[in-house]
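One structure below.
A short reminder: the numbers here are calculations on the coordinates, not readings from a lab. As the structure is a prediction and not an experimental result, all values here were calculated from the model. Cβ: placed from backbone, ideal geometry, glycine included. Neighbour counts: every protein chain shown.
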Amino acid sequence: MGLIIAGVGLNPFIRNTTPLTSKREAHRVVPPPPDSLSFDDIRMADNANDAQARVWLETYGCQMNVADSQLITGVLRRAGYVTARAPEEADVILLNTCAIREHAEERVIGRLGDLARLKQARPEVKLGLLGCMAQHNRAALVEKAPWLDLVAGPDTYRRLPELLGDSGFDAAVDVRLNRAETYADLSPDYASGVRAYVTAMRGCDKFCAFCVVPYVRGRERSVPPADIIREVRDLAARGVKEIVLLGQTVNAYRFDEVGFGELLRMVAAVDGIERIRFTSPHPNDMSPAVIDAMASEHKVQPYLHLPLQSGSDRILAAMDRGYTSAEYLNLVARVRAAIPRIALSTDIIVGFYGEEESDFRATLDLMRTVGYDSAFTFKYSVRDHTRAYRLGDTVNETEKQRRLNEVMALQEESSRTLYRAAVGHEFSVLVEGSARRGVGMLAGKTPQYKTAIFPTREGVAVGDTVVVRVLSATTHTLTCAPV
Ligand code: 5AD
Ligand code: SF4
């Protein structure tokens, strides 16, 4: 799920790249940002002096990467770096990368080609590749892109100033994974705005057969609750109203006695924070304690991303997902019973190894049964290191595309129906900024994470929560009037 390139009001140090050819190609960990938003960026370069090295950082991939880029920005700023206004003006250019699917890597390889030309013209500029692709392809990168000055994996960001200092004739390479690294003591440079993403846990221990994440991000580890709460309090003091807790399997969070349900309650107890979301949970970690916290803490919003991947039990077993379609449906029923107005989204992979037409039909059937508000759909991409790698690929590209088209069409229909069903109903919307389209319109999210736009009104400011009634709906936007 999601890409993003959630690119709302991020520190200019982080250049949020435009979405990968289609939104579907991205590793989306959160739903897309509203088609809005005019946050004030945090400016850190304004007082730059000539002696300070200027950095340009581009972020690819999921919301975890966006959060990591904020962390990287914080580390480098404290080391005296400032942000560059454009890559051409930078002394250091860094790409924070994604390895989830081949397509994500191809985009970065294309970008590296541009940067290689820039390096030819200005050999003194330092080029670094960070994140999941650095971890995944370290040997090939050092061999095929010898002009890279730095190759650094996701557990090495604390050392970036040192690594940049070390890089000289040879690239500085650090791709050691560190199962203790949570960066708990390092404050990221958060974007300004009403919503902030706070990393609660890192890594993944699930080892789904198709997925490279456990290999590139390492073992699961949770940030101590005291550090998370300190961060959330600071953000609340700066006017942030909504916290999104992040982790590759965020609801697997555990630190000593504190599980994810307890963490939700602790964040909910912070004054000034009005809304809490989280992404991305795993179905098997949706414990009664988590469902209870969602149901009883009114700040926890009624929206749940519940990655399904496939509706076929045979394929779910081959994927090592750890649940059957019946268990998944049972979970959906329990969640819906506990949180009546909850919206659900999911991730679907088509064309996994061995997927027959009948398996694919089972996925469509399950999607119809659940009726998702939105879905992120992907063609299976073979990744080396993973358990499924040696099995190979049994569904050809044309067939994968056909299945993807069918899944997307079904989801469009489901989204349209559910968005239309909101017409005439009232929702509270946290105002995030002016709508991108529509002069004089404000935009924000409903509790169910649907984008709502409505006419600006005297006295309504960013950060306020207003009650609106839905007048009309498209598949992605609710047009509303304040009540
Ligand atoms: N091919 C296609 N999609 C994948 N995902 C993860 N690995 C792969 C892969 N090898 C998808 C899953 C996951 C989302 C983040 O990305 O649907 O939930
Ligand atoms: Fe990948 Fe599975 Fe871990 Fe999600 S739970 S990051 S799909 S291995």
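Quick notes on this one:
- Filter result for the condition that a residue is of a type in the set (D, E, K, R), more than 24 Å from the chain's Cα centre (by Cα), more than 16 Å from ligand 1 (Cβ to nearest atom) and over 23 Å from residue 102 (Cα atoms), over 189, 166: 166
- Options 329, 391; residue that is closer than 26 Å to residue 207 by Cβ and within 16 Å of ligand 1 (Cβ to nearest atom): 391
- Condition broken by residue 239, with the remaining ones in (1) surrounded by 22 or more Cβ atoms within 10 Å (Cβ to Cβ); (2) part of a loop (DSSP other than H, G, I, E, B); (3) more than 16 Å from ligand 1 (Cβ to nearest atom) satisfied: (1)
- Residue selected from region 216-227 under the condition touching a helix residue (DSSP H, G or I) at 6+ places or on another chain (Cβ under 7 Å) and assigned to a helix (DSSP H, G or I), by the criterion farthest from ligand 1 (Cβ to nearest atom): 225
- Against the list (1) in a strand (DSSP E or B); (2) surrounded by 21 or more Cβ atoms within 10 Å (Cβ to Cβ); (3) within 14 Å of ligand 1 (Cβ to nearest atom); (4) in contact (Cβ under 8 Å) with a residue 60 or more places away in the chain, the condition residue 444 fails is (3).
- Qualifying residue in region 323-341 (condition: farther than 22 Å from residue 295 by Cβ and touching a residue at least 40 places away in the same chain (Cβ under 8 Å)): yes
- Of all residues in region 377-421 being over 26 Å from the mean Cα position of the chain (by Cα) and surrounded by 14 or more Cβ atoms within 10 Å (Cβ to Cβ), the one that is nearest to residue 195 (Cα to Cα): 420
- Pairs with Cβ under 9 Å, 6+ apart, first in region 210-228 and over 25 Å from residue 102 (Cβ atoms) and among the polar types (S, T, N, Q), second within 16 Å of ligand 1 (Cβ to nearest atom) and part of a loop (DSSP other than H, G, I, E, B): 222/247
- Checking each residue in region 248-292 for being surrounded by fewer than 17 Cβ atoms within 10 Å (Cβ to Cβ), among the acidic types (Asp, Glu) and within 26 Å of residue 427 (Cα to Cα) picks out 271, 292.
- Any hit, region 277-290, residues being away from ligand 2 (no atom under 16 Å from the Cβ), within 22 Å of the chain's Cα centre (by Cα) and assigned to a helix (DSSP H, G or I): no
- Considering only residues in region 132-162 that are hydrophobic (A, V, I, L, M, F, W, C) and surrounded by fewer than 22 Cβ atoms within 10 Å (Cβ to Cβ), the one that is farthest from residue 111 (Cα to Cα) turns out to be 139.
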